Structure formats: C-alpha cells, structure tokens
Amino acid sequence: MRTQEETLSFEDLLNQTYSRGEILEGEIVSAAVLAVNSDFISVDIGYKSEGIIPASEFLSVDGSIQIKVGDQVDVMIESREDESGRIILSKDKADRIKVWNKISLLHNSDETISGTVIGKTKGGLQVDIGIRAFLPGSQADLRPVRNLDKMIGECLQFKIIKFNRKRGNIVLSRKTVLEKEREEKRGTILQHLSEGKIVDGVIKNMTEYGAFVDLGGIDGLLHITDMSWGRIRNPSELFQIGDTVKVKILKYDPECGRVSLGIKQIQEDPWLSVNYEFSLGSHVSGKIVSMTDYGAFIELKPGVEGLIHVSEMSWAKRIKHPSNFVNIGDMVNAVVLSIDQESKRISLGMKQIEPNPWSCLETKYPIGSVIRGTVRNITDFGIFVGVEDGVDGLVHISDLSWTHRVRHPSEIFKKGDIIEAVALNIDTDNERFSLGIKQLNEDPWSRVSHVYPRGSRVKGRISKITDFGAFIEIEPGIDGLCHISEFNEEHISNPYEFVKPGDEVEVVIIDIDPGERRIGLSMKAAKNTEEGLNYRSYLSKNKSSLKSRRTGSGMGTLGEALKGFNVQND
C-alpha cells in the first residue's frame, strides 16, 4: 500500500510547504541561485537563512558546473541549519523524488517511459530513466535476445511493470511495449494482405527449412524452396537476420493468420528458356553444386541444374560413388543427353566428351582373334577379363574347358591372373564382349569318331562308379560309359564288387555320339574278342540289346545311364 505522501505530486509537496509558512527536513522547495563557487551553490528558499547545495550535484560530464546566478532549482531540505546558520539542501534527492512521482503516475496510467540502456547486470540490463531500473532479459524483446550487449546505449520506450519506492526497485518491460505496437500494426496489415501482393519485410529468424519474415506486425514463412530457383542447402547462404527483403504473398489464411511467402516467384522461372538455350547433344560446362549416391548435379545457370548419373561419368572406370570421380565445386564439361522442361530435369553425360571405346571394338578385336587380359572379377557364371580401359569381356563357365566339368570358375582362376582368350561375339549396343578360353584349343570330341571308331579296342582307367555302370577315361578329358550289362556275360547286380576307381581295364567302343559327347564301352566285348569273337559277331549276337541302348528305350539303357550321370555330376 502506498502512503498518502507517496501519491502526492511534486507540486502538491511544494504547495504544502509554503502553506505552512515553515520548512521541514525532507521537504522539497524552490530555490533561486544567489552565488556559485567551486564547493557550494548558495540559494534563497524564502526563509530567514540561505541554503547551500554541494557544487558536485551540478557537474557536467566535462567537470564544469552547469548552473548560474538567478537560475531556479528545486531542492530537498536535508537539515534546517548548520553551525553557520545555513540550511543544507540537495538537488539530487529532489530530482529522485520527482522521478519517483513520475514513475508512480506513469505506472498508474499504464503509460510508457523513455530510458537509456546503460549496462548489463545479472539476468538482464540496467536502464537509466532518471534513476536506475532493471530490465529482465526475458522482457528485452518479443523473442529471446542472445546478445544483450548490443542493446547497451540504445534509448528505448519501456513499461513500468513493478516498482517499490522504499526499496528503490523498478522493473521495466520493453516486450510489453513491442507487443502492443505489433498488435496495432497487425490489425492494419491484415486489412491489406492478399495473395499475389509484393511487400517488404525483415528477416526475423532463420531455421534449416526457411526464414520468418516480419511484415510489420505479422510474421510470414519464407520456405527454403521458395527463396531461389537455384539449389541452396541453408537459408544462411542467402540471408542474415535483420536483412530487408521484398517478398510475394503466396498463401494467406485470415482465420489462423498464416502467411506463406516467396522470393523466387518475383523472378522469371529460368526453366522457361532451357529449350532455347540448350539442345540435345550440345556441349555445356558448369560447376558441381551437390552430389548423391547416384550422381552429381551441375549448375548450368542460376536456377537450372543438370544431373550426371554415375553411369555417365566414365567409359573406362566403374564408379561406385560420384565422389570417387569429382568433387563439389569442380568445373566440368558435359554433353546434354535429354531435356524435360515440364519436370525440370536435364540429363548430362561426361563420358560422351570422349569417343566410346565400344564403337571401335569390332575393328580392334575381330571375331576369332586372341586377346590377352587380366581377370578382374569372378562370378558363379564365369570370369570377367579386362580387355582395355572401360571394356571387360565375359568368359562364360561353359567356355572355360572342352572336357573338364567346372563347378565354379574359382577352381581354375583367381583375380589378377593374366590369361588369353578368343573373341567370340561383340554386342556394341548392349556393351557385351563374349570370350572363350576352351576355343584356344581344338575340341577333342571333334576327332573322337576318327580316333576311336566303333569296334576299336582301347585301354582306360575307371574314373567313376555308379549304380548303373562305370565311367572309364580313355584319354584325358574323354570318358566313356560301360553299362553294368556290359561288364560280364554273367549278371552283375553291384558294380562296386566288380571294379573300383583307378582300375585299368580294356574295353571295346560299341557306340559313339560326338554331338552328345557320349561313348558306349564294353568290357564284355573286349573279353569275347580275346576268345576269338570279332566285333561284328558280337554286334550280331547282341543286336537287340545294343539297339535298345542306342534308342534310349527302357530302364538301364546307355542314354538313360548317361543322363543319370550328368544329373549326378551337376
């Protein structure tokens, strides 16, 4: 509660003093300056004795006394009379009382007061409004101020939100003043906002996705995608807080007060002219502005970018990531591969600057020629051989050997091996080069029918035993099948009891099919010829059974046995 004295105005205090016809300590009176010296200022307060005021209370910044004889000044009576009979007065204390009275009046009437920020203190700032007052950091602005020091020295308007005269405490708020101003401006601005209108604003705050623009009482969002036709990663690349910008109102929702803004919409869309400036096959140059896993983007002109896919960077190198070939900021040359103005996409190629090595491959490596290269990769289905930079040839697993059944190419080769191969086929359009290793040598099966005619007697070694017979190697890579029925004249139910792997045996060629890579052998015929029965007699004697095997009819035939062997080996 304020006392009656606290609520009295300064003029009321003066009138009370003079109406009593006497002076009391603590009262404020008006005085006329009689004399000025370096220590004291002598004044007349209409009393029998003169009053004195310390000269220090009138000093200016440069140390000079700022008062002269005849001036009127309000002072407070500190003591009625000293030893010399003079009254001790104070101008500073009178000024403070006047300020407190003013503060009380402004607070009661909810008006603002002008003050100068003079320093920083714990939790806020010190403000001179005639006496020192405290401005909390949270009340310094509409939004939190990270650096309060920048406000020192500014003269601003404040609201008095709390004061205690006895304790000498005054708390101010600038935020309250700004909020009121904003609401007043907001009402005016909202009446004039409309979509498509171009207005001025100030960058108030920035985030990763955009900037908030103060339009003078209402904030609008300027999204990062609406700042420029070009690619930007952060709004700070273009703006700083406090920048004045010209923006276009894209959307405005009066109900919730949301405003969407754009800057690039004020400028012409650069994609509208790309079909005139760039053509398919033309050479262009630009700076790499960004990269992804699948390629690099080149700025062809402000707001227009083209993509160089990772597959279009080099004929020679297999590039896994664009950063292995180029860097952001590099200036590169490229060829325009496609333009899609509607989707705002331009496809570019760097490798097209150089000739395609596949275009002259048929001339350099004609079909049937022998090439020499390095094994670069091994897969389940074959090996890739480096023919030259940017060109690999495939040796399929079926073209590794005429006779050896290869389960996996790694059984024979390893990366880095230097090998020779024959050019089998070149598909320039699909960039495929087929090679063969077995074609370096003659197919041994092409001469089998000449070297081993039917009826010939040969020696071989048991290479594999199955339930239906035994496979006998008659020369490296050439195996024939001796069906279980051709083991002996007597019936044999278990071939494992008759022969074992590694045994050397004599056989007669009884059937041969080079196309199918199959040879029928007979140990029984070899024994019969030893007893004087020639091959033709044996064929005549066993005509029906041999015919059955050749035609593949019934169980246990040669064809059936060979098919079974192939399945087992696979």
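Coordinate-derived values only; no laboratory data. Because the structure is predicted, anything quoted here is derived from the model rather than measured. Neighbour counts are summed over all protein chains in view; Cβ atoms, including those assigned to glycine, are modelled from backbone coordinates with ideal geometry.
Some observations on this one:
- Where only DSSP H runs of four or more residues are counted, the chain gives -5000 deg cm²/dmol as its mean residue ellipticity at 222 nm, each run worth -39500 (n - 2.57).
- Among S282, V43, S485 - extreme Cα towards positive end, dipole of the chain, charges at beta-carbon: S485
- The coefficient of translational diffusion for the chain, derived via Stokes-Einstein from the alpha carbon Kirkwood radius under 37 °C and 0.692 mPa s, stands at 91 µm²/s.
- Scaled to the globular estimate 2.2 N^0.38 Å, the Cα spread of region 110-178, given as radius of gyration, is 0.99.
- Length gained when the stretch K364-R432 is fully extended (0.36 nm per residue, less Cα-Cα span): 23.0 nm
- Three principal axis extents describe the C-alpha atoms of region 96-218; from largest down they are 57, 31, 19 Å.
- Gain on full extension, evaluated as 0.36 nm per residue between S343 and R372 minus their Cα-Cα distance, stands at 5.8 nm.
- Listed pairs K320/K438; K102/K159; K150/K204 exceeding 21 Å between Cα atoms: K320/K438
- Projecting the Cα positions of I319, L435, I28 onto the charge dipole of the chain (unit charges on Cβ atoms of Lys, Arg, Asp and Glu, taken about the Cα centre) puts L435 furthest along the positive direction.
- Cα-based reach from K500 at 15 Å (exclusive), listing aspartates and glutamates while leaving out same-chain residues under 8 positions away: D467, E473
- Cross-link reach list, aspartates and glutamates versus K120, counting only Cα pairs under 18 Å and skipping chain neighbours closer than eight places: D128, D141, D149, E154
- When H450, H107 are arranged by Cβ crowding within 10 Å, least crowded first, meaning fewest neighbours, the order is H450, H107.
- Diffusion coefficient, µm² s⁻¹, Stokes-Einstein with Kirkwood Rh over alpha-carbon pairs of region 192-266 at 20 °C and 1.002 mPa s: 177 µm²/s
- Placing dummy labels 7 Å off each Cα toward the beta-carbon, the span from V36 to I241 is 4.8 nm.
- Placing a label point 7 Å from the Cα of E475 along the Cα-to-Cβ direction, the residues of region 503-522 with a backbone N closer than 20 Å are 504-522.
- Taking 16 Å as the straight-line reach from the Cα of K185, the aspartates and glutamates in range (excluding those fewer than 8 positions away in the same chain) are D200, D214, D219.
- Contour excess over end-to-end distance, with Cα ends at S410 and E442 and 0.36 nm allotted per residue: 9.2 nm
- Going from the fewest other Cβ atoms within 10 Å to the most, the residues F498, F381 appear in the order F381, F498.
- Applying 1/(1 + (r/R0)^6) with R0 = 30 Å to the Cβ-Cβ distance of S398 and R457 gives a FRET efficiency near 0.35.
- Exposure proxy shown here: for R407, R345, the number of other Cβ atoms within 10 Å sets the order, fewest to most, as R407, R345.
- Counted by Cβ distance under 11 Å from W315, the other residues give a net charge of -2, where Lys and Arg count +1 and Asp and Glu count -1.
- Placing +1 on the Cβ of every Lys and Arg and -1 on the Cβ of every Asp and Glu, with no other charges, gives the chain a dipole of roughly 1640 debye about its Cα centre.
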